[in-house]
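The values are calculated or read from the model by the stated rules, or taken from the named source; none is laboratory data. What you see is a predicted model; the values in this text were computed from it and never measured. Neighbour counts run over all protein chains shown; Cβ positions are idealised from the backbone, glycine included.
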Amino acid sequence: MKTCNFLKEKLSIFSLFIFISLFCRGQDAITFEEVIKIALEENLEIKIKENKFKQAENIASFGSAGLLPRIDIIGSSSGNKGVTSLEFATDEFPAIEDMDSESSSYNGNVQLSYNLFNGLASIYTLRKLNKLSDISSVEMQIEIERVILNVAKQFYDIAFLQEQLEIQKELISISNERYDRVMVQHSFGNVSKLDLLSAQVDLSGDSIQFISCITDLNNAKNVLNQTLNRDIKTNFTVVSSIDLKANLNLEDLTSKVKSNNNYIILQQYRTDLTKTDEKMSYSSFLPKVDLSAQYGYNKSESNTSLILNQDYMGFTAFLNVSWNIFDGLTRRKKLQNAKIEVESNKLQLISIQNQIERELINVYNQYINTINLIKIGERSVAASEKFFERAQNQFYQGSITKNEFRLSQLDLSSSKSRLNKHIYNAKLAELRLYSLCGEIIK
């Protein structure tokens with residue numbers, strides 16, 4: 001009865017194989033380059049950074065910095081009605097008691113105002129806005145690099161699990177062949193019931209691992225779909241062709257990191273920004289000169305004034321000079337803080353440079369070690385294949401035990417899995433090196 005149930009289980013497993021094979025044929029195959037292209041076009045975080053960069057770029061203008069004149073159209077109208085009492089300083093005009101009064105005024109002007117000098121604060125403001133635009137651009141580049149590395153990790157996780165699925169299929173195929181052979185031998189009384197149950201347990205365990213691998217693969221695809229901002233249920237297979245470059249040189253990488261790493265460039269911009277703030281603090285100690293001019297029409301009427309009606313049409317100009325001599329040492333304190341901020345950013349730049357250099361060395365060592373592990377893994381797989389082939393022949397001839405055969409089978413599976421993992425880890429380390437050098441986008 002148990003054997004009958006297990007045969008049903010085997011039938012279910014092979015039905016699952018057939019379903020997966022048909023299902024995979026209907027899936028779209030996607031390459032690494034295509035995945036990166038979709039990510040750069042559709043990833044939401046990149047779009048947000050792009051919008052912030054556009055905002056910073058738009059505001060970095062002469063007008064935003066106060067270097068262009070301002071033109072306003074000004075209009076006003078007023079009127080009042082009431083009782084007025086007037087007493088003049090001379091007896092030539094009689095006093096007015098409780099007289100009904102009315103007055104009105106109308107103004108319409110075109111006004112131009114412009115700051116002639118403010119201690120070069122407007123120039124420094126423009127530089128600051130441009131620097132903020134540069135910072136936003138580098139932040140967008142950093143986000144793109146982060147997304148590329150994230151997508152690469154997710155892509156190669158899927159590629160690894162696809163390879164694992166094939167290894168699990170091979171493992172089940174071998175276990176199934178063993179079970180069929182032991183079943184025939186048991187029917188003729190050549191092996192014990194224990195040998196048959198052992199083969200059955202191993203096949204069941206391999207089948208469970210296979211189903212678990214399918215689950216992990218589907219979950220990995222869901223994660224990548226979310227990163228690509230598309231329907232999470234979209235099914236696909238990845239086409240992975242690993243081209244490792246084993247000739248990367250640490251000195252060349254170090255030189256590129258110092259000049260191209262975006263985190264270092266970002267901190268350099270931030271340091272320059274604090275220097276600009278320091279210069280703006282100095283400008284607050286200088287005088288300010290403002291020019292304004294108006295051209296317009298003014299009219300006023302009053303029945304209680306010496307002038308009953310007045311009209312004016314013409315041009316008026318103002319030149320205003322102001323110089324703050326003392327403000328309670330507020331500007332001096334701001335200048336001191338600006339100098340401290342410059343020094344802090346310089347120290348932060350050194351810290352980031354040291355951190356990036358340390359990370360470069362660590363990733364490079366990981367990269368070299370993984371390359372070496374790949375060479376060892378290739379030899380290990382070749383040896384495991386020969387060992388398993390010999391163990392399989394000896395097992396069917398009865399020269400070794402079922403446990404020895406099973407160990408050779410698992411050793412072959414493990415060596416293939418380790419080799420695949422080393423290959424994908426090496427590729428991710430290579431991409432990380434390109435990211436540290438500021439070249440991953442290229």
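Side notes on the structure shown:
- If the condition is being closer than 15 Å to Q409 by Cα and aliphatic (A, V, I, L, M), then segment 156-191 contributes I167, L171, I172, I174.
- Of E41, E33, E57, all but one fail to be surrounded by 13 or more Cβ atoms within 10 Å (Cβ to Cβ), part of a helix (DSSP H, G or I) and either among the charged types (D, E, K, R) or touching a residue at least 24 places away in the same chain (Cβ under 8 Å) (or both); the exception is E57.
- Residue match in segment 283-295 (condition: more than 50 Å from the chain's Cα centre (by Cα) and either of a type in the set (A, V, I, L, M) or within 18 Å of Y124 (Cβ to Cβ) (or both)): no
- Number of the condition not met by A382 [criteria: (1) assigned to a helix (DSSP H, G or I); (2) among the hydrophobic types (A, V, I, L, M, F, W, C); (3) surrounded by 13 or more Cβ atoms within 10 Å (Cβ to Cβ)]: (3)
- First in segment 333-353 and under 13 Å from Q268 (Cα atoms), second anywhere and among the basic types (K, R) and modelled with pLDDT of 95 or more, Cβ under 9 Å, 6 or more apart: V342/K275; N345/R270; N345/K275; Q348/R270; L349/R270
- Matching residues, segment 395-434, being closer than 22 Å to L203 by Cα and among the hydrophobic types (A, V, I, L, M, F, W, C): F395, I400, F405, L407, L410, L412
- Yes/no for K299 being modelled with pLDDT of 90 or more and not aliphatic (A, V, I, L, M): no
- Of the listed requirements (1) at positive phi; (2) buried (at least 16 other Cβ atoms within 10 Å of the Cβ), G189 misses just one: (2).
- Exactly one residue out of D157, D206 is part of a helix (DSSP H, G or I) and under 20 Å from N425 (Cβ atoms), and it is D157.
- Single unsatisfied condition, T271 versus (1) within 23 Å of V147 (Cα to Cα); (2) hydroxyl-bearing (S, T, Y); (3) at pLDDT 95 or above; (4) more than 19 Å from the chain's Cα centre (by Cα): (1)
- In segment 221-235, residue surrounded by the fewest Cβ atoms within 10 Å (Cβ to Cβ) [restricted to those that are under 11 Å from V151 (Cα atoms) and hydrophobic (A, V, I, L, M, F, W, C)]: V223
- Hey, K279 farther than 24 Å from Q141 by Cα, surrounded by 15 or more Cβ atoms within 10 Å (Cβ to Cβ) and either modelled with pLDDT of 95 or more or not small (G, A, S) (or both) or not: yes
- When the criteria are applied in full, I158 meets the requirement of being in contact with a Leu (Cβ under 7 Å, 6 or more places away or on another chain) and of a type outside the set (S, T, N, Q).
- Listed conditions (1) in contact with a strand residue (DSSP E or B) (Cβ under 9 Å, 6 or more places away or on another chain); (2) farther than 30 Å from K221 by Cβ; (3) outside any loop (DSSP other than H, G, I, E, B); (4) modelled with pLDDT of 90 or more are all met by V238, apart from (2).
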